[in-house]
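Trainee: Below you will find the structure I want to go over with you.
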Amino acid sequence: MGNDKRLFNNNNITTMKRISVLENFSEFPNLRHCSISDNSGEEFYHKVLNTAFKEAYQAGEKLSVNLDSTAGYASSFLDEAFGNLVYDFTLDIVKSRIEIISDQEPHWKEMILNQTFPQWEARRKNKQKPVVTANHPAWYRLIDNELKLEIWEQPAAV
């Protein structure tokens, strides 16, 4: 999943894991939840982003997520995908381990950093669980500095 790229910072070599929404998920990202659209932010998080971030975290790397070259985004897609990341790994860890590339539409990166991240950190601290609208395989969450793999939430009965 993705490529590795070596960065040179202050004579230290850091490896960066790279993923792209276009290459690793879909040209047509859609809405927030699986229950209302295919290629949702919820689906991207569970199929791609959670595991990619966990792998980068375990390897002591940063994760670069490229948002460019898709057909476009609904803000809810990005909010759901990156918000869940903060909920599962904490704001401090996500901010220190992620690089978001959005050269074509820089406002998406700004929205994620300045709105999604702090809002979802507040939700995490207040124990407001994320909404899950489909059954997903177990996913990773950092609990007391330990990665745990579980099915953390079930879809609400309709």
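Trainee: So in the stretch 27-74, with the set limited to residues that are among the aromatic types (Phe, Trp, Tyr) and closer than 20 Å to Val94 by Cα, which one is farthest from the chain's Cα centre (by Cα)?
Mentor: Filtering the stretch 27-74 down to residues among the aromatic types (Phe, Trp, Tyr) leaves 28, 44-45, 53, 57, 73.
Those still in the list that are closer than 20 Å to Val94 by Cα too: 44-45, 53, 57.
Working: Phe44: 8, Tyr45: 5, Phe53: 7, Tyr57: 13 Å.
Ranking the qualifying residues of the stretch 27-74, first place goes to Tyr57.
Trainee: Give just the number: which of (1) without any contact (Cβ under 8 Å) to a residue 40 or more places away in the chain; (2) surrounded by 16 or more Cβ atoms within 10 Å (Cβ to Cβ) does Ala81 not satisfy?
Mentor: Result: Ala81 passes all but (1).
Trainee: Within the set of pairs 6 or more residues apart or between chains, which connect a residue that is among the aliphatic types (A, V, I, L, M) inside the stretch 106-130 to a residue that is in a helix (DSSP H, G or I) with Cβ atoms less than 6 Å apart?
Mentor: Once the first residue is among the aliphatic types (A, V, I, L, M) and sits in the stretch 106-130, its partners that are in a helix (DSSP H, G or I) give Ile112/Leu78; Ile112/Phe82.
Trainee: A further question follows. Please determine whether any residue of the stretch 59-75 is at pLDDT 95 or above, polar (S, T, N, Q), buried (at least 21 other Cβ atoms within 10 Å of the Cβ) and touching a Leu at 6+ places or on another chain (Cβ under 8 Å).
Mentor: No; the residues of the stretch 59-75 include none that is at pLDDT 95 or above, polar (S, T, N, Q), buried (at least 21 other Cβ atoms within 10 Å of the Cβ) and touching a Leu at 6+ places or on another chain (Cβ under 8 Å).
Trainee: Is it fair to say Glu153 is surrounded by fewer than 18 Cβ atoms within 10 Å (Cβ to Cβ), within 17 Å of Leu22 (Cβ to Cβ) and out of contact with any helix residue (DSSP H, G or I) (no Cβ under 7 Å at 6 or more places or on another chain)? Spell out the reasoning first.
Mentor: Details: surrounded by fewer than 18 Cβ atoms within 10 Å (Cβ to Cβ): yes; within 17 Å of Leu22 (Cβ to Cβ): no; out of contact with any helix residue (DSSP H, G or I) (no Cβ under 7 Å at 6 or more places or on another chain): yes.
When the stated conditions are applied, Glu153 does not pass them.
Trainee: If you go through the stretch 102-148, how many residues are surrounded by 12 or more Cβ atoms within 10 Å (Cβ to Cβ), part of a helix (DSSP H, G or I) and among the basic types (Lys, Arg)?
Mentor: The qualifying residues number 3.
The values are calculated or read from the model by the stated rules, or taken from the named source; none is laboratory data. What you see is a predicted model, and the numbers here were worked out from it, not measured in a lab. Cβ sites come from the backbone with ideal geometry, for glycine too, and all protein chains shown count toward neighbours.
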